[in-house]
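In what follows, a single structure is set out as structure tokens and then discussed.
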Amino acid sequence: MWAFVLFIAVTIVTYVIFYAIPANPARLACGQRATAECIKRAAHYLGTDRPLYVQYGKFFGRLMPVAGLGPNNFSPHFKTPNLGRSFTNRLTVNSVVLNAAPVTASLVFGGAVFWMLIALPVGILSALRPRSLLDRIAMVFVLVGISAHPVWIGLLLAYFLGFKAGVFPITGYCDFINPSGNCGGPVQWAYHLVLPWATFAFLFAALYVRMIRANVMEALGEDYVRTARAKGAPEWLVMRSHVLRNALLPVVTMLGMDIGIALGGAIFTESVFGLPGLGKTAIQAIENFDLPTTQGVVVFATLCIILLTLVVDLLYAWIDPRIRLT
Amino acid sequence: MSRKLWLSTVTMSIVLLAVFAASAVAKSAKTGAVGGTLNADLTTDVDYTDPALDYLQTGWEIEYATCLKLMNYPDANGAKSSQLVPEAAAGFPKVSTNGKVYDFNVKASFTKFSNGAPVTAANFKAAIDRDADPKMQSPAVAFFSDIVGSDKSPVSGVKVSGSHLIITLTQASPDFLARMAMPFFCAIPTDLPHDPNGVLAPASAGPYYISDRVPNKSITIKKNPNYKGKRPHNVNQINYTVGNSLDAIYLRTQQGATDYAAGGIPPASYAEAAQKYGINKGQFWVKPILSVSYLAFNHDRPLFKGATGTALAKAINYAIDRKALLAQGGYLAGKRTDQILPPGMAGFRDASLYPLKGPDLTTAKKWMAKSGVKDGTTVEFYTSNRGAAPLQAQIYQFNLKQIGLSVNTHLFARAVQIDKEGTRGEPFDITTEGWLADYADPYDFINVLLSGDNLHASNNNNVAYFNDPKYNKAMRDASLLSGDARYKAYGNVDVNISKDNPAWAARANSNNRLLVSSRVGCFTYNNIYGPNLAALCIK
Amino acid sequence: MAPGTEKEVLGAGAGMAGAVALESGVELGEIEVKARGYWEQVWRRLRKDKIAIAGGVTIIFLILGAFVGAPIAQAILGHGPDDLFYTAMNAQGQPIGPLSWVDNPLNPGHKVFLLLGADSTLGRDEFLRLLYGAQVSFEVALLATLGSISIGVLLGSMAGYFRGWVDTIVSRVTEITMAFPSLLFIIALASTIGDSLNNITFGIFGRGVFNLFLILSIFGWFYPARIMRAVVLSLREKEFVEAARMVGSSDWRIIRSHILPHLVAPIIVYTTLSVASFIIAEAGLSYLGVGIKLPTASWGNLLQQASDYYTTQPWLMVWPGLAVLLTTLAFNLLGDGLRDAFDPRSTH
């Protein structure tokens, strides 16, 4: 229910923002030698000659998966939600979003794996050996990670590892499945994404090292851990079933939420490394006043966030039966 | 010309349309080997590959290789490449004495469409009818509105009689032929659907055809097996890959992973490319674009009215630092100018009117005194927030401060700027603009940008709101002339306006900066369409 | 979104602020206020934390450098941060490097010294722009912190104290704001109506500062709101609040004398950490071209310009990035120190 309100609010705001601006997409569609005739035709086709509420109504009707609910003809049937067509090149926004989504998904989920691979061992080890050399290095990393600007990290990585050393490609995206030329397949895909992943994961890795370390330390001090040790349980068993289990529970849910947040951060990484993902698509669409494409990305991103929140809630209820879903 | 380029045109940061090659030493198209596959990289996809909708330079580059036109530009370098020659027409059309009826004899037995269908006059009528269909909302309507009945499809002023295509105009317009050479009017199959969303891979009758296009991914261009004409068609296939960033394209072209950086290379790397490969020595090509960037003076505003306004316009022309302004576009961004017509345009003659090397403040101040404009007068300045425009805005602000004008800069998104400055009565004094040739005729610059005859309430191209009866008449007269007289007349209008009553401060003509890989040969540069894909070959 | 999962949602506030909430929020609410002795204790603990003090000193130094040092440097060098020296380009048309003397095109025959070289092909003094950029970064971060925390504390404590429908509304609005693809909206807003907002400067701020302040406040208030709500929720169940209510104190009186004093500590800690995150946010938005507008310098747009030359003139990206790193590091260290000082039991 709230998800629905959220959804309506988000889409209406987008419409209003674009309605308020003085640019005329129909004029843009006609190019530099735009004639009045061409602008009239284009405005009619784009629907921009209608009042705002009609435009929004049409958009909403297209998007709903159920059609045929008119007052006069009641013949409900399911259909594919349709985001309309781009103002710029008249392609279906569905296809534009579906093309860009895998790039962003690769970046975000790959990035999440990347940061967890760093954060888990470092966080746990530094909690087990507080004030050791590793712990101190980890703490410096955490501080730099949360203080440095992600864009800057990206540019530094691109300059030193990409440009100077030439170890990794600076830009470009290779499809995971469909090879195009010499670029494609899982290996090339991962190879081209190493720097973006590293950039993307830096901040979150720092946050997670800190969180995991704090959680593990807290769990180590709990009574049940002391009891288990006193009873003579082997250390690895104590770690596995008492310490880590309790310490990592909140991490799982936080991960779900942060992936949602990270979708926004993908805009920076995509713009530094020139990845053709949702963020770049959106920026380009906004610059060209391409409302349907912008709206499409916004709708898609909002749905993803809502969905992730839902998954997190369910997941948490499943892991921790004490939580009751209402 | 291209919409994208037009959107960013004052920034001059993007590569593209082209003109006028110096009498370059590029190899002739015949020496290259035939066969093989070339790769090209684009950062963003072309908007359309449908000839009725395509109005983007990268798209026109492709159409130049795939389209069969009534009249076309030859596959040559230099000045010769902008002189129209008959292609599908058996010769130049017969024009009636009143200049209103054009009779083309279509004889194209040397080719067929890529799908095997023969080419007749009906295919050219189909193209015009398709452009005219309101459903298509083709930007082409601006270029054939003088054909009788052009507001309805089929267009009543276009008739087919045997092999003849007879076009009747509402009035004589000698630039009609040049317009018919635009890709909007190239032969299409008569059954090509009137789909407003565009056909991705329409059959074509030129040396090449688009065999496949996956939007935002790739475009595949293949040799048309049915083409036996005179135009070169060397490589078997050209594959466009879409989506690599400029940095990636630059690296890929240097490594040979791709052969043509169709999307351009990063602005900061022009200098490096020039150092590595030399300029116009085989890989890095710098060619002028038929375009002009300028600062328009709003003649509706009191500041620019009358003789005092003219004096102020001259003062600004003396005060701006064209060298510094151009430098913001990066290395080899273009050539400084003080005139309306670009040097590659027929009719242009260099009049050396204003300082190109830097401001002449002494003369500028003299004209300021004559204008009677008070020290510290505020000037409302519109410009875009993209590319080099904000940087150039600061230079303008600085230059005009030197002659006592206090500039109030308004940065807009480019689309908003276009809309605002095109609306009559919008409170601005000066605005930055740029124009790229739609076709090679001075009408497209002089009349379109400066004639007071077609001022509207909104969507104006004449953003200087220049409306001088004397020059309006001169422009009208020139548009009715043809041949050398036409070009001479336009050349005079250009020089006279720039000298006696400057509507603008013109500042630069942009360059096309192109990089190809080491295995690319037969590089030919057409003045109108840029790099000639049909002529390219593998060394 | 399912209500009733408050605890972990608070913890999962996500991102940097989420971590702050996790570590500072709930525990701070349980501190006992011990009249004046409490602040003395805090100060004593903080003084012992050399790293936090170093952070604080760095901040004072940076603010002095930005607001006092910049005009002084300008006076010594004899030119301003927005002055253009077209001569400050090398043969390849790239901005000139550090420690260069270039001709002054305004005053032929005189040389201009550029300590860190030119910022771009316009040839402005990178060093001065860094200093003046610091002003803008601080202005944005401080104003946005003030804005977001004011809204957040007000709404959050109201929700926590009154509960019922107030809480429902505030919590729902918070959820909606959190799930908003805010970055997309900020970009859309800035590139559409932002142009008119940018011109609001009140005569003292740079162009775009007000715009960023609005945007960051609108999208930044929900973290403090959630923290405050949780703190107040736990406070209102405490014995001393119960006692006050029993003797008939009004809501206003309870809030003023029993709740607010307990909020001071988390507000101070959160403020410090939030300045750091807003400095990063400013740099990010200006990098995308939707923040501070040229010619006003900010660390974000310096970084953005530098990215055009990052293969040829890499030092240009080093300075603004380092400045951001140093500043946010100082604020984060001070914030961590303050949190420890307020609540020595917290583990972090």
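The values are calculated or read from the model by the stated rules, or taken from the named source; none is laboratory data. These numbers come from a predicted model, not from an experiment. Using ideal geometry, Cβ is built from the backbone for each residue, glycine included, and neighbour counts are taken over all protein chains shown. Accessible surface areas use protein heavy atoms only, side chains included; no ligands, DNA or RNA. Shrake-Rupley method; radii C 1.70, N 1.55, O 1.52, S 1.80 Å.
The relative contact order of segment A:94-319, computed from alpha carbon pairs under 8 Å that lie at least 6 residues apart in sequence, is 28 percent. Per atom type, chain B shows carbon and sulfur on 54% of its accessible surface, probed at 1.4 Å.
Around the amide H of B:Gly334, modelled in the peptide plane, lie the amide H atoms of B:Asn511, all under 5 Å away and 5 or more residues distant in sequence or on another chain. In the context of the full set of protein chains, chain B has a per residue accessible area of 33 Å² (1.4 Å probe). Estimated from helical segments only, the mean residue ellipticity of the protein assembly as shown at 222 nm is -15500 deg cm²/dmol, where each DSSP H run of four or more residues counts as -39500 (n - 2.57). The count of lysine pairs in segment B:104-186 with alpha-carbon distances below 19 Å, taking only pairs 8 or more places apart or on different chains, stands at 7.
Taken along the Cα-to-beta-carbon direction at a fixed 7 Å, the label points for B:Lys152 and A:Glu37 span 1.3 nm. Two numbers describe the Cα atoms of the protein assembly as shown: Rg and Dmax, which are 32.7, 113 Å.
Within straight-line reach of B:Lys100, meaning a Cα separation under 15 Å, sit the following aspartates and glutamates at least 8 residues removed in sequence or on another chain: B:Asp146, B:Asp175. Give me, ordered by chain and number, the residues 5 or more places off A:Arg85 or on other chains with an amide H under 5 Å from its own placed amide H. Distant-sequence amide H within range of A:Arg85: A:Val93. Applying the criteria of a DSSP loop state and at most 13 other Cβ atoms within 10 Å to the GluC sites (Glu not before Pro) of segment C:228-271 yields C:Glu237. Global size of segment A:173-310: 21.0, 68 Å for Rg and Dmax (C-alpha atoms, Rg to one decimal, Dmax whole).
The accessible area of B:Asp151, taken with all protein chains in place and a 1.4 Å probe, comes to roughly 90 Å². Run down the aspartates and glutamates and flag those whose C-alpha is under 15 Å from the C-alpha of B:Lys539, throwing out any fewer than 8 positions away in its chain. By straight Cα distance, B:Lys539 reaches B:Asp259. Using modelled backbone amide H atoms (1.01 Å from N, in-plane), which distant-in-sequence or interchain residues come within less than 5 Å of B:Thr377's amide H? The list, which skips near neighbours in sequence, is B:Ser406.
Our Cα-only numbers for segment B:232-288 put the radius of gyration and Dmax at 12.1, 35 Å. On association of chains A and B, roughly 3700 Å² of accessible area becomes buried (total for both chains; probe 1.4 Å). With coordinates expressed along the principal axes, the C-alpha atoms belonging to chain A extend over 85, 56, 36 Å, beginning with the largest. Every Cα-Cα pair in segment B:165-237 was counted, and those over 16 Å apart are 64% of them. Can you say what percent of the DSSP beta bridges in the protein assembly as shown, counting only those with both residues inside, are antiparallel? Round to 5. About 80 percent, rounded to the nearest 5. For chain A, a Gaussian network of Cα nodes joined below 10 Å ranks A:Cys174, A:Cys304, A:Cys38 by mean-square fluctuation, and the top entry is A:Cys38. Across bins of 10 angstrom width beginning at 0, how are the C-alpha pair distances of segment C:126-342 distributed, in whole percent? The calculated distribution, bin by bin, is 8, 29, 30, 20, 9, 3, 1, 0. Normalised size of segment B:291-509, defined as Cα radius of gyration per 2.2 N^0.38 Å with N residues, equals 0.95.
Within segment B:506-539, none of the chymotrypsin sites (Phe, Trp or Tyr not before Pro) combine a DSSP coil assignment with at most 15 other C-beta atoms in a 10 angstrom radius. When the pairs B:Lys365/B:Lys401; B:Lys80/B:Lys357; B:Lys305/B:Lys374 are compared against a 19 Å limit on Cα-Cα distance, B:Lys80/B:Lys357 fall above it.
Among the trypsin sites (Lys or Arg not before Pro) within segment A:176-277, which fall in a DSSP loop and have no more than 14 other Cβ atoms within 10 Å of their own Cβ? Counting only loop positions with at most 14 other Cβ atoms within 10 Å, the trypsin sites (Lys or Arg not before Pro) in segment A:176-277 are A:Lys231.
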